[in-house]
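Below: one structure, written as structure tokens.
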Amino acid sequence: MSPQTGALAGKLASLYGQDYALWLDNTCQLLRAGRLAEVDIANLLEELTDMGRSEKRALTNSLIVVLMHLLKYAYQPGQRSNSWRFTLKEHRRRLQELLSTSPSLTTYFDQIFADCYQEARDLTATETGVGLENFPVDSPFTQEQVRDRKYLPQ
């Protein structure tokens, strides 16, 4: 790395903390131009890592919301509303989008399903006032039902 290249990479690194949008634009320009030695690699790697975490957080959050609303729909039939159906549809859409744009997240979905159900069970009990003991310990919904945009418990 030449002294000029090192200075530019250092300048980009300090830009990262001062003007993220400009840092991102400059980084993209350098990558497009093939000027890899000038790229702020440390912060670029951090951003890429955060993107992966962000996708997983989004999947986890949408899965919990879907499970909560399925529980409410199943265990509070007198409270069913269009709002609940809309929330189910919207968060299933988000799940579908995440899984179709990043199919490798399907494995992650499988891994977190049981834990997300436990979180949804606890949150639903708190939100509804229905005792935790009234919700099954294991999910009464299959992963396919959770992802099926038309499925509603009876």
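The values are calculated or read from the model by the stated rules, or taken from the named source; none is laboratory data. Only a predicted model underlies this, so the values are computations on that prediction, with no experimental measurement involved. No Cβ is skipped: glycine too gets one built from the backbone with ideal geometry, and neighbour counts run over all protein chains shown. Just so you know, the surface numbers come from the protein's heavy atoms only, side chains and all, with ligands and any DNA or RNA stripped out. Shrake-Rupley method; radii C 1.70, N 1.55, O 1.52, S 1.80 Å.
Could you list, in sequence order, all residues of the range 16-72 that are closer than 20 Å to R92 by Cα, of a type in the set (V, I, T) and in contact with an Asp or Glu (Cβ under 8 Å, 6 or more places away or on another chain)?
I64
Please go through (1) of a type in the set (K, R); (2) in contact (Cβ under 8 Å) with a residue 24 or more places away in the chain; (3) surrounded by fewer than 16 Cβ atoms within 10 Å (Cβ to Cβ) for K72 and return the number of the only condition it doesn't satisfy.
Only one criterion in (1) of a type in the set (K, R); (2) in contact (Cβ under 8 Å) with a residue 24 or more places away in the chain; (3) surrounded by fewer than 16 Cβ atoms within 10 Å (Cβ to Cβ) is unmet by K72, namely (3).
So which residues in the range 133-147 are closer than 14 Å to Q76 by Cβ and part of a helix (DSSP H, G or I)?
Within the range 133-147, N134 is the sole residue that qualifies.
Consider A114 carefully, then state whether it is open to solvent by less than 80 Å² (accessible area, probe 1.4 Å), without any contact (Cβ under 8 Å) to a residue 40 or more places away in the chain and not hydroxyl-bearing (S, T, Y).
It is true that A114 is open to solvent by less than 80 Å² (accessible area, probe 1.4 Å), without any contact (Cβ under 8 Å) to a residue 40 or more places away in the chain and not hydroxyl-bearing (S, T, Y).
Starting from the range 98-110, take each residue that is closer than 14 Å to S54 by Cα and in a helix (DSSP H, G or I) and list its partners that are open to solvent by less than 80 Å² (accessible area, probe 1.4 Å) and not hydrophobic (A, V, I, L, M, F, W, C), counting only C-beta distances under 7 angstrom and pairs at least six apart or across chains.
What qualifies is L98/E55; L99/T106; L105/E55.
Identify the residue in the range 3-29 that is of a type in the set (G, A, S) and either open to solvent by 50 Å² or more (accessible area, probe 1.4 Å) or within 30 Å of F113 (Cα to Cα) (or both) and, among all such residues, is modelled with the lowest pLDDT.
A7
Test L98 against the stated conditions and say whether it is of a type in the set (A, V, I, L, M, F, W, C), at negative phi, open to solvent by less than 80 Å² (accessible area, probe 1.4 Å) and in contact with a Cys (Cβ under 8 Å, 6 or more places away or on another chain).
Details: of a type in the set (A, V, I, L, M, F, W, C): yes; at negative phi: yes; open to solvent by less than 80 Å² (accessible area, probe 1.4 Å): yes; in contact with a Cys (Cβ under 8 Å, 6 or more places away or on another chain): no.
So L98 does not fit the description; no.
Please indicate, with yes or no, whether at least one residue in the range 80-88 is in a loop (DSSP other than H, G, I, E, B), open to solvent by 60 Å² or more (accessible area, probe 1.4 Å) and under 18 Å from L59 (Cα atoms).
no
Output the residue which, of all residues in the range 117-132 that are within 14 Å of K72 (Cβ to Cβ) and charged (D, E, K, R), is least open to solvent (accessible area, probe 1.4 Å).
Out of the qualifying residues, it is R121.
Filtering the range 30-54 down to residues that are at pLDDT 95 or above and of a type outside the set (A, V, I, L, M), which residue is least open to solvent (accessible area, probe 1.4 Å)?
G34
Of the conditions (1) in a loop (DSSP other than H, G, I, E, B); (2) touching a Cys at 6+ places or on another chain (Cβ under 7 Å); (3) of a type outside the set (K, R), V130 fails just one. Which one is it?
For V130, the failing item is (2).
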